[in-house]
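The structure appears below as structure tokens.
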Amino acid sequence: MMNFMDLISSLPAFILAVVLISASPGPAMALILRRAALRGFSGAVPTVLGLEVGLYLWALLAAAGLAALVAASEVAFLVLRVVGAGFLLYLGIKAWRSAWRGRETGGVAEEVAVGEPVPGSALTWWKAFGEGLVVMLANPKAAAFMIAFYPQFVPADQPLFATTALLAVLQVVIEIVLYLALAAVVGRAGAWFRRPVIRRRLDAVSGTVLVALGLRVAVEGR
């Protein structure tokens, strides 16, 4: 009973930490902002869900001890780092291509013009979901973070896996609320973001940010 009360008493610190972590800039934030600006709130929803499914899977892997194996393995860590960096570079270059094609076509820089599925289709939804999922799962830092983060809030004698899974649900709910609120705010200005000149600049800037993040992941050590 005392340990359960310890868990309850640690929740405010856990929630504050999750909010601060969620608000920090990184690949997830860049992906959500770009998606919300170009596709509106509904277009950002699958990206957010993909990111959070990836986060929850890492939390479960951390609780099961598998994330520790990934973090400890030089080969696994390197593979994830290369995949994560490569995917961020791919997204950044795709944004650059969209900006360049919009310039060539006089401002018509719709994503469908560079090989995207038809907006609003199921394929578009799953593509956005997959992007969020891959960005999170291919981030080796997520494995190291989960190993260090959750044990701080799991009281002694409490089941590690079940408690971590419960805390991860809380983190996912908090992040979904925060990210969707951000997407809603950005999405309200969607018409402005989709103006040809603004769209090209947004693609250029977001592409540069994603490429920079990809390069950082590629060169960063542990």
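The values are calculated or read from the model by the stated rules, or taken from the named source; none is laboratory data. Keep in mind the model is a prediction, meaning the values are calculated, not measured. Don't worry about glycine lacking a Cβ; one is built from the backbone with ideal geometry, like all the others, and counts go over all protein chains shown. Ligands, DNA and RNA are stripped out before the accessible areas are found, and what is left, the full protein with its side chains, is counted by its heavy atoms. Shrake-Rupley method; radii C 1.70, N 1.55, O 1.52, S 1.80 Å.
Among residues belonging to the stretch 190-203 that are out of contact with any Lys or Arg (no Cβ under 7 Å at 6 or more places or on another chain) and open to solvent by 40 Å² or more (accessible area, probe 1.4 Å), point out the one that is modelled with the highest pLDDT.
Among them, the one singled out is R201.
Testing S9 on (1) open to solvent by 70 Å² or more (accessible area, probe 1.4 Å); (2) modelled with pLDDT of 85 or more, one condition comes back false. Which one is that?
(2)
Tell me which residues, restricted to the stretch 144-166, are open to solvent by less than 20 Å² (accessible area, probe 1.4 Å) and in contact with a Phe, Trp or Tyr (Cβ under 6 Å, 6 or more places away or on another chain).
M146, T164
Of the conditions (1) open to solvent by less than 60 Å² (accessible area, probe 1.4 Å); (2) within 18 Å of the chain's Cα centre (by Cα); (3) modelled with pLDDT under 85, N3 fails just one. Which one is it?
(2)
Can you pull out every residue in the stretch 15-61 that is over 23 Å from A189 (Cβ atoms) and open to solvent by 20 Å² or more (accessible area, probe 1.4 Å)?
Residues satisfying the conditions are I15, L16, A17, V19, L20, I21, V53, Y56, L57, L60, L61.
Could you list, in sequence order, all residues of the stretch 132-181 that are of a type in the set (K, R) and more than 18 Å from A30 (Cα to Cα)? Can you show your working first?
Let us first name the residues in the stretch 132-181 that are of a type in the set (K, R), namely 141.
Matches in the stretch 132-181: none.
With (1) in a helix (DSSP H, G or I); (2) within 17 Å of the chain's Cα centre (by Cα) as the list, and P25 as the residue in question, which single condition is left unmet?
Among (1) in a helix (DSSP H, G or I); (2) within 17 Å of the chain's Cα centre (by Cα), P25 violates only (1).
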